[in-house]
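Have a look at the structure below before the remarks.
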Amino acid sequence: MSRSQTNLGWDVLLDMSGSGAQHDQLARALRTAIREGVLKKGATLPPSRKLAGDLQCSRWVVTQAYAQLVAEGYLEARTGSATRVHCWADEIWKPVPRRQEPTPPRYDLAPGLPDLRNFPRRRWADAVRDALSTAPHTDLGVPVAGGHPRLRTVLAEYLRRTRGAVTDDVLICSGVCHGVTLVGRALHAAGITRIAVEEPGWTRVWQAAEDAGLEVVPVPVDSNGLCVDRIPDGVRAVVVTPAHQFPSGVVLTPERRAALLSWARDVDGLILEDDYDAEFRYDRKPIGTVQGMDPRRVVLLGSVSKTLSPALGIGWCVVPPQWTVPMPSPSVIDQLALATFIEKGWYHRYLRAARLRYRTRRDALLDALGPLDVSGAAAGLHLLLHLDSPADEVVHRAAAQGLKLVSLDAYRSRPGDPALVLGYGNLADSSVSEAVAVLKDSIGRSGPGSSR
């Protein structure tokens, strides 16, 4: 552009490449020049006849382009005055360069994901097709708060049958964290502003509680589960994972369950039970829900994020009547698809096959780890690997070799004994030995005596 004192925009080189009608091409070129600051605020544009001659097009092309940009606010035109750049903002906006996505690791031993390679695509597509073909047109409107009645009924029966829950109704949400936030807001509204959480524990649940305005109070976990007697005075709500504690893998013992329920009655409190990994157990019998022991004091939370995929965004809450809150529900089509998936027995068969697949993979992982010190392998999709050297060093060395690891400290409020949380749910079976070889190399290079 020629930067003259008169601030003319007559000799700007316009890029009119691309498809479309000529007036659209000219409008697009002028719009780009304004956005990029080539044509500054107040710059005058040539008369339509002059610009048409320079571009060897009809005057109509120029007047149409000018009129379009005037309507959009880029230009201003006044009778008896030149057309000028009005500018679309006080300061010229420069597009932010797109952030480069990190390169996916060769091997991923981070916890939190199921086997996405074996997601039941065909069966789920059949379920979606069934939902679309059979749903009445009224189901295609705005989703009903609390979820579609059909899925709520199906899940209530499923939870009674498989988890020993006591319920005739279930509320649908987008996941466990969503449910914690919504129930947490009800607690806050009732004057309960502090909530106990397991230490170590799933920090996303901690964040969900904080999003509800609650103060998170970490309470230690030992080999018997949550240390109920360590819940501070004044706390009247707690989040627990009794069936398979994350990340330690311990089960809340019967004595601790009784103590937890007694605590809730004594303080007139509420237990939020995250039914984490309850479907996947290998060396022990299934454990029923705490909710089934006292449905008046317990909220039962679950989702398909760890069984099917977090991409579905479907979870559920069984909430005592006094704590029921409005819950925005996910896609109706996906809700109906999940209802079909469960009703036809596909979910049961998928879980049975997945349980066998995960057990085989876990056994292969344990064999490859050999004498290394592990715990929490009896159920779920992860285990703990205990170390004698700093876990962060091992994580850093492994990342340099394409292996993603997570330190146990990522799930604690303060550093503790060094350990790694090894998730094997989304690890390819063919990659187990290679991933463990990189892991052992990373441990070995972190110093002598690096694993107990």
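The values are calculated or read from the model by the stated rules, or taken from the named source; none is laboratory data. Since we're looking at a predicted model, the values are computed, not measured. Heads up, the Cβs are rebuilt from the backbone with ideal geometry, glycines too, and the neighbour counts pull from every protein chain shown. These area figures cover heavy atoms from the full protein model, side chains too; ligands, DNA and RNA do not enter into them. Shrake-Rupley method; radii C 1.70, N 1.55, O 1.52, S 1.80 Å.
General observations
- Phi angles of region 415-431 translate, via the Karplus equation with coefficients 6.51, -1.76, 1.60 and θ = phi - 60°, into HN-Hα couplings of x, x, 4, x, 7, 10, 9, 9, x, 10, x, 9, 8, 5, 4, 6, 9 Hz per residue; Gly and Pro are given as x.
- With a 1.4 Å probe rolled over the protein heavy atoms of all chains, the accessible area of Val38, Val183 falls in the order Val38, Val183, largest first.
- Full extension of the segment from Arg121 to Ala77, taken as 0.36 nm per residue of separation minus the current Cα-Cα distance, would add 10.1 nm.
- Taking amide H atoms as placed 1.01 Å from N in the peptide plane, the amide H of Thr83 lies under 5 Å from those of Leu45, each 5 or more residues away in sequence or on another chain.
- Computed with a 1.4 Å probe over protein heavy atoms only, the accessible area of Arg397 comes to about 80 Å².
- Förster radius 56 Å - calculated FRET efficiency between Glu157 and Ser17 (Cβ-Cβ, nearest 0.05): 0.35
- Charge sum, other residues only, whose C-beta stays under 14 Å from Tyr66's C-beta, Lys/Arg counted +1 and Asp/Glu -1: +4
- Antiparallel bridge percentage (DSSP; both residues within the chain; nearest 5): 55
- Other residues with beta-carbon under 11 Å from the beta-carbon of Tyr347 carry, at +1 per Lys or Arg and -1 per Asp or Glu, a net charge of +2.
- Normalising the average separation of contacting C-alpha pairs (under 8 angstrom, six or more residues apart) by the number of residues puts the relative contact order of the chain at 18 percent.
- Inter-centroid distance (Cα atoms) of region 204-218 relative to region 365-437, Å: 26
- Karplus 3J(HN,Hα) series, Hz, for region 224-240 with 6.51 cos²θ - 1.76 cosθ + 1.60 (x for Gly, Pro): 9, x, 4, 7, 4, 6, 9, 5, x, 4, x, 8, 10, 8, 8, 10, 9
- Carbon/sulfur fraction of accessible area - the chain, other protein chains in place, 1.4 Å, %: 52
- From its DSSP helices (H runs of at least four residues, each -39,500 (n - 2.57)), the chain gives a residue-normalised ellipticity at 222 nm of -11500 deg cm²/dmol.
- Over region 213-316, Cα pairs under 8 Å with separation of 6+ residues give a relative contact order of 22 percent.
- Computed over the chain, Kirkwood Rh from alpha-carbon pairs, angstrom: 26.1
- Rolling a 1.4 Å probe across all protein chains gives Phe119 an accessible area of roughly 40 Å².
- Here, region 358-452 has an Rg and a Dmax of 12.4, 36 Å when only alpha carbons are counted.
- Peptides 407-414, 101-108, ordered by how many other C-beta atoms sit within 10 Å of their residues on average, highest first, read 407-414, 101-108.
- Taking all protein chains as they are arranged and a probe of 1.4 Å, the heavy atoms of Glu199 leave approximately 20 Å² accessible to solvent.
- Summary value for region 303-359: 22 percent relative contact order, contacts being C-alpha pairs under 8 angstrom separated by 6+ residues.
- Rounded to the nearest 20, the Cβ-based charge dipole of the chain about its Cα centre (Lys and Arg +1, Asp and Glu -1) stands at 1180 debye.
- Per-residue packing, averaged as other Cβ atoms within 10 Å, sorts the ranges 273-285, 135-147, 16-28 into the order 273-285, 16-28, 135-147, beginning with the highest.
- Shape call, region 173-225: gyration tensor on alpha carbons, a/c limit 1.5: oblate
- Between Leu140 and Ala437, the modelled label-to-label distance comes to 5.5 nm, taking each label 7 Å out from Cα in the direction of the beta carbon.
- Over all other residues within a Cβ to Cβ distance under 14 Å of Arg84, the charged ones net out to +2, with Lys and Arg as +1 and Asp and Glu as -1.
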